[in-house]
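Reading through the structure tokens given below for one structure.
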Amino acid sequence: MAVPLFDTRTPLVPLRESLHAKAAEVLDGGRYILGPEVSAFEQELAHYLAIPTVLGVANGTDALVLALRAMGVGPGDDVVVPSFTFYASAEAVAVIGANPVFCDVDPRTFCVTPETVRAALTPRTRAVMAVHLFGNVAPVAELEALGVPVLEDAAQALGSRAAGGRMAGTLGTAATFSFFPSKNLGAFGDGGAVATRDDALAEAIAMLRFHGSRDKVSFELVGHNSRLDELQAALLRLELPHLDAWCDGRRAAAAHYAEAGLGELAALPEPADGCDPAWHLYVIRHERSDALSEALAAAGIGSKAYYRVPLHRQAAMKPWSDVELPGTDEAARTHLAIPVSPVLTSEQAAEVVAAVRAADLG
């Protein structure tokens with residue numbers, strides 16, 4: 001049985017007719033930029049998250065850039081960011097002239113810890129970026145106790161819950177989301193959002209996404225052109241009511257793997273203390289992860305190593321690369337994403353586990 005790494009099509013099959021109808025409605029309506037669908041989606045996602053304000057932007061990377069700028073981060077400032085994450089997390093810091101100061105992660109959870117962040121703080125630290133990697137939830141409250149504002153990179157964690165039941169993306173000064181098609185809530189192209197409880201911060205982001213203007217007549221800031229498309233917002237609105245069920249399907253997939261005995265063959269990802277991850281990716285660790293990936297491919301099973309070269313070892317990050325991060329190195333060397341989706345069945349999970357067992361890699 002072939003098992004793909006992602007299955008983005010099957011969950012959308014029941015929605016195809018309504019998605020097509022909604023797309024036609026938007027096209028016929030003639031409003032394509034910051035129209036009623038964007039406003040409605042922002043309100044509905046804010047209600048889902050139980051947070052006052054959500055602002056749609058063009059993509060998850062722009063969300064990080066705009067949030068950092070609104071938080072007052074600028075040239076010469078330091079931002080603590082994990083090295084084991086997607087490049088955009090650090091890119092957003094560097095592109096505004098600030099310095100990404102790389103910190104380590106706990107390879108069991110793939111997230112930063114108060115200890116790894118504390119070790120990276122400097123007198124110029126203006127913010128800490130807590131990446132909720134793979135859907136796990138970084139310990140934001142403990143990071144805030146260090147005395148520095150926390151920006152949550154929740155691109156992979158929409159639908160995940162922290163200890164106490166609060167949603168990932170509602171825990172820090174601001175949070176960013178991506179609606180890239182493979183995400184937990186995926187658009188049909190690029191899209192992103194920023195969420196915050198801070199009215200002044202929200203006002204700044206609303207201007208920054210619109211050329212630094214409130215009205216396209218007076219320009220108070222040097223801003224960006226970064227808006228969530230009306231069409232994407234309309235389609236995301238149809239998907240949002242299904243998000244919790246899809247996240248439960250991802251959690252069920254993780255349970256299927258555990259029940260099939262995967263933990264006897266590889267290290268399973270560990271939820272951070274008290275959190276309930278909606279696994280965007282299900283990432284195991286194995287000492288021979290590349291060989292395992294080859295064996296899975298031979299069995300028709302998708303897998304992928306996402307961050308073999310961590311950010312502090314990337315050529316573009318060389319100015320900030322003078323750091324030793326043993327947890328990051330371990331995670332980079334051993335991690336492997338295996339199939340996960342809202343509709344992964346117990347039979348598919350058993351097939352994956354059987355292929356891992358048959359690889360016989362010790």
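The values are calculated or read from the model by the stated rules, or taken from the named source; none is laboratory data. Note that the coordinates shown come from a computational prediction; the quantities given were computed from them, not determined experimentally. Cβ sites come from the backbone with ideal geometry, for glycine too, and all protein chains shown count toward neighbours.
Numbers below:
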item: Criterion violated by V117 - all others in (1) in a helix (DSSP H, G or I); (2) surrounded by fewer than 23 Cβ atoms within 10 Å (Cβ to Cβ) satisfied; result: (2)
item: Test: residue in the range 213-222 that is modelled with pLDDT of 95 or more and surrounded by 18 or more Cβ atoms within 10 Å (Cβ to Cβ); result: no
item: Which listed residue, of L64, L55, L27, is over 16 Å from the mean Cα position of the chain (by Cα), buried (at least 21 other Cβ atoms within 10 Å of the Cβ) and not in a loop (DSSP other than H, G, I, E, B); result: L55
item: Extreme residue, modelled with the lowest pLDDT, among residues of the range 224-282 that are aliphatic (A, V, I, L, M) and touching a Ser or Thr at 6+ places or on another chain (Cβ under 8 Å); result: A272
item: Residues located in the range 22-60, provided they are under 22 Å from W246 (Cα atoms) and free of Cβ contacts under 8 Å to residues at least 40 places away in the same chain; result: Q43, H47
item: Any hit, the range 315-325, residues being part of a helix (DSSP H, G or I), closer than 19 Å to T116 by Cβ and at pLDDT 95 or above; result: yes
item: Residue among A40, A46 that is more than 13 Å from A175 (Cβ to Cβ) and in a helix (DSSP H, G or I); result: A40
item: Filter pass, P4 being at pLDDT 95 or above and not assigned by TED's automatic domain parsing to the domain that holds A157; result: yes
item: Verdict on D190 being on the phi < 0 side of the Ramachandran plot and in contact with a helix residue (DSSP H, G or I) (Cβ under 6 Å, 6 or more places away or on another chain); result: no
item: Pairs, first outside the structural domain of T85 (by TED's automatic domain parsing) and modelled with pLDDT of 95 or more in the range 333-349, second outside any helix (DSSP H, G or I) and of a type in the set (G, A, S), C-beta under 6 Å, six or more apart; result: L336/S303; L336/A305; I338/S303; P339/G302; A349/A260
item: So A278, is it small (G, A, S) and touching a Cys at 6+ places or on another chain (Cβ under 9 Å); result: yes
